[in-house]
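Take a look at the structure below.
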């Protein structure tokens with residue numbers, strides 16, 4: 001894994017989940033998703049070796065491979081976390097994820113690292129546009145894959161779309177996709193086809 005330049009001050013770390021990174025002039029940075037818990041330490045070291053501290057994390061959604069690293073960064077970098085109003089409860093109380101899948105108290109086989117990442121605080125709600133360190137980050141509603149799924153467009157016009165789109169390789173491995181709301185997912189696909197951006201990254 002390494003910090004790969006994309007456009008302007010926007011970078012990406014290719015972990016199990018692609019972690020978006022926006023570098024600020026004051027040697028802090030903003031992460032778009034924090035990756036899975038198992039890779040959080042390695043991701044943190046990459047950021048530290050580049051001379052930065054992750055002051056802010058914006059989670060595109062509440063699945064473990066996207067918010068599992070939050071606690072690592074909150075403990076070591078005092079990171080502030082943003083999430084959509086619907087994603088926030090799942091991030092703060094991960095047992096809600098298997099509860100939503102099972103519609104009742106979930107059995108042990110649903111209580112695992114894939115459904116229950118380490119719990120983390122959510123400090124702010126991500127809605128509309130966010131002004132962080134004098135830069136504007138646009139929040140795009142991309143619901144469908146999960147409740148409250150969002151995309152983030154950086155000041156360099158790079159859109160991080162989370163799991164709202166999946167690469168062909170993923171479809172080959174997982175031909176039957178999990179969708180929280182199929183109708184909203186179709187709306188999201190239409191929206192992404194019309195959005196204007198320089199580059200788009202999916203996880």
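Bear in mind these aren't lab numbers, they're just calculated from the coordinates by the rules spelled out. Quantities reported herein were computed from a predicted structural model and do not represent experimental measurements. Cβ atoms come from the backbone with ideal geometry, glycine included; neighbour counts cover every protein chain shown.
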Any idea what the relative contact order of the chain is, in percent, if you count C-alpha pairs under 8 Å spaced at least 6 apart? 17 percent
Neighbour-count ranking [beta-carbon atoms within 10 angstrom, fewest first] of 6, 140: 6, 140
Between residue 50 and residue 193, what FRET efficiency comes out of the Förster formula 1/(1 + (r/R0)^6) with R0 = 25 Å and r the beta carbon distance, rounded to 0.05? 0.15
DSSP beta bridges in the stretch 48-203, what fraction antiparallel, as a percent rounded to 5? 55 percent
What residue among 55, 83, 64 shows peak mean-square fluctuation when the chain is described by a Gaussian network model with Cα springs under 10 Å? 55
Could you tell me how many cubic angstrom of Cα convex hull volume the stretch 92-203 has per residue? 133 Å³
How many angstrom lie between the C-alpha centres of the stretch 52-108 and the stretch 118-177? 13 Å
Cut-off is 10 Å between beta-carbons; in what order do 10, 115 appear when sorted fewest neighbours first? 115, 10
Once the Cα gyration tensor of the chain is found, what semi-axes does its equivalent ellipsoid get, as square roots of 5 times the eigenvalues, in whole Å, sorted largest first? 25, 20, 16
Expected sort for 7, 67 with the fewest Cβ neighbours (10 Å cutoff) up front is 7, 67
How far apart, in nm, are the 7 Å Cα→Cβ label points at residue 27 and residue 172? 4.4 nm
Using only the alpha-carbon atoms of the stretch 1-103 as identical scatterers, what base-10 log of I(q)/I(0) does the Debye formula give at q = 0.21, 0.22 Å⁻¹? -1.02, -1.10
